[in-house]
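Novice: Input: one structure, supplied below.
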Amino acid sequence: MMEMEMMADTVEVVTFDPDRSRMLSMQADSLFKASDYEMALERYSEGYELDSTYAKNPFGQARSYVRLNNLKAAMVSYRKAIELAEGVEGMGNIFDAAREERRVVEARIEEEQGAQAVNDKITRATTLLQAEPLSESAANTAFELLEDVRMNADYDSSQVAFYYAKALNALGRSQEATHYAQLAVDQSEGQPDRSAYFIQLGLAHMGAENEDAAREAFTAAKEGSWASWAEYYLNEMENANAEAGG
């Protein structure tokens with residue numbers, strides 16, 4: 001009995017099996033072609049564990065990771081494939097393909113990181129601009145963030161036109177604010193409540209001393225949730241005119 005237990009404890013675990021490694025690689029290829037990327041990755045990984053010198057398995061891992069959108073893991077596997085394939089007879093195609101695909105994935109990672117940085121700056125800027133009342137310091141910081149996005153990331157600033165207008169209005173740069181506020185109004189065509197955009201347009205025109213245009217914008221804002229502010233600014237303009245006339 002004791003001898004049987006000792007035999008059970010000493011069962012040999014196979015850790016190197018090139019033939020099975022290649023068989024698993026072929027199975028993984030079929031799964032990959034069938035778009036079953038998770039199972040393909042599992043087979044490629046099993047094959048790599050049985051023969052860590054065979055470049056085809058980490059190459060397959062890398063491709064599977066790309067399809068599963070795990071780009072960092074793909075970069076690691078591409079590097080393994082390149083190292084294993086370099087100078088090995090019959091592995092030239094894998095070596096060349098792995099290097100080329102790795103460059104493409106690297107560029108994609110850089111692009112995604114850039115896009116994330118852009119989104120982070122926009123989020124910071126819009127958060128600052130949601131404060132009421134909006135301080136000049138917060139407006140200036142938000143505007144600089146938006147400008148940095150536009151200038152350094154080739155980002156279409158018109159997509160955040162409303163926030164540009166709000167920042168510029170708070171900074172007293174009314175002429176510039178008018179352009180972005182009008183852009184925001186134009187882009188919001190068809191939305192159920194455009195009053196916030198009309199408020200910024202009215203403030204921009206009011207600051208630029210375009211009274212008729214300001215009055216028109218504030219009147220349009222009376223149709224939405226910012227109606228009370230529209231009334232406030234319209235009354236403010238009427239009082240200013242009355243004092244000037246008096």
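Novice: Mind checking which residues of segment 98-125 are buried (at least 17 other Cβ atoms within 10 Å of the Cβ) and either of a type outside the set (Lys, Arg) or not in a helix (DSSP H, G or I) (or both)? Don't jump to the end; show me each part of the working.
Specialist: Residues of segment 98-125 buried (at least 17 other Cβ atoms within 10 Å of the Cβ): 98, 101-102, 105, 118, 121-122, 125.
Listed by number, the residues that qualify are ALA98, GLU101, VAL105, VAL118, ILE122, ALA125.
Novice: Something else about it: Name every residue in segment 144-163 that is exposed (fewer than 14 other Cβ atoms within 10 Å of the Cβ) and either modelled with pLDDT of 85 or more or among the basic types (Lys, Arg) (or both), in order of residue number.
Specialist: Across segment 144-163, the qualifying residue is only GLU144.
Novice: Does segment 186-195 contain at least one residue that is in the same structural domain as LYS166 (by the TED database) and touching an Asp or Glu at 6+ places or on another chain (Cβ under 7 Å)?
Specialist: Yes: segment 186-195 contains one or more residues that are in the same structural domain as LYS166 (by the TED database) and touching an Asp or Glu at 6+ places or on another chain (Cβ under 7 Å).
Novice: To continue, here is another question. ALA170: in contact (Cβ under 8 Å) with a residue 12 or more places away in the chain, closer than 21 Å to THR127 by Cα and either in the same structural domain as GLN130 (by the TED database) or not basic (Lys, Arg) (or both), yes or no? Full working, then the answer.
Specialist: Working: in contact (Cβ under 8 Å) with a residue 12 or more places away in the chain: yes; closer than 21 Å to THR127 by Cα: yes; either in the same structural domain as GLN130 (by the TED database) or not basic (Lys, Arg) (or both): yes.
Yes, satisfied.
Novice: May I ask you to verify whether SER174 is under 30 Å from GLU112 (Cβ atoms), open to solvent by less than 60 Å² (accessible area, probe 1.4 Å) and of a type in the set (S, T, N, Q)?
Specialist: No, not satisfied.
To keep it simple, each residue is scored yes or no on (1) more than 20 Å from GLN130 (Cα to Cα); (2) part of a helix (DSSP H, G or I); (3) open to solvent by 50 Å² or more (accessible area, probe 1.4 Å); (4) touching a helix residue (DSSP H, G or I) at 6+ places or on another chain (Cβ under 8 Å).
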| residue | (1), (2), (3), (4) |
| --- | --- |
| THR141 | no, yes, yes, yes |
| LEU168 | no, yes, no, yes |
| ALA181 | no, yes, no, yes |
| GLY190 | yes, no, yes, no |
| PHE198 | no, yes, no, yes |
| ARG215 | yes, yes, yes, yes |
| TYR233 | no, yes, no, yes |
| ALA242 | yes, yes, yes, no |
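The values are calculated or read from the model by the stated rules, or taken from the named source; none is laboratory data. Fair warning: this is a prediction, and the values are worked out from it, not measured in the lab. FYI the Cβ positions are ideal-geometry reconstructions off the backbone, even for glycines, and counts take in every protein chain you see. We work out accessible area using only protein heavy atoms, side chains counted, and drop any ligands, DNA or RNA first. Shrake-Rupley method; radii C 1.70, N 1.55, O 1.52, S 1.80 Å.
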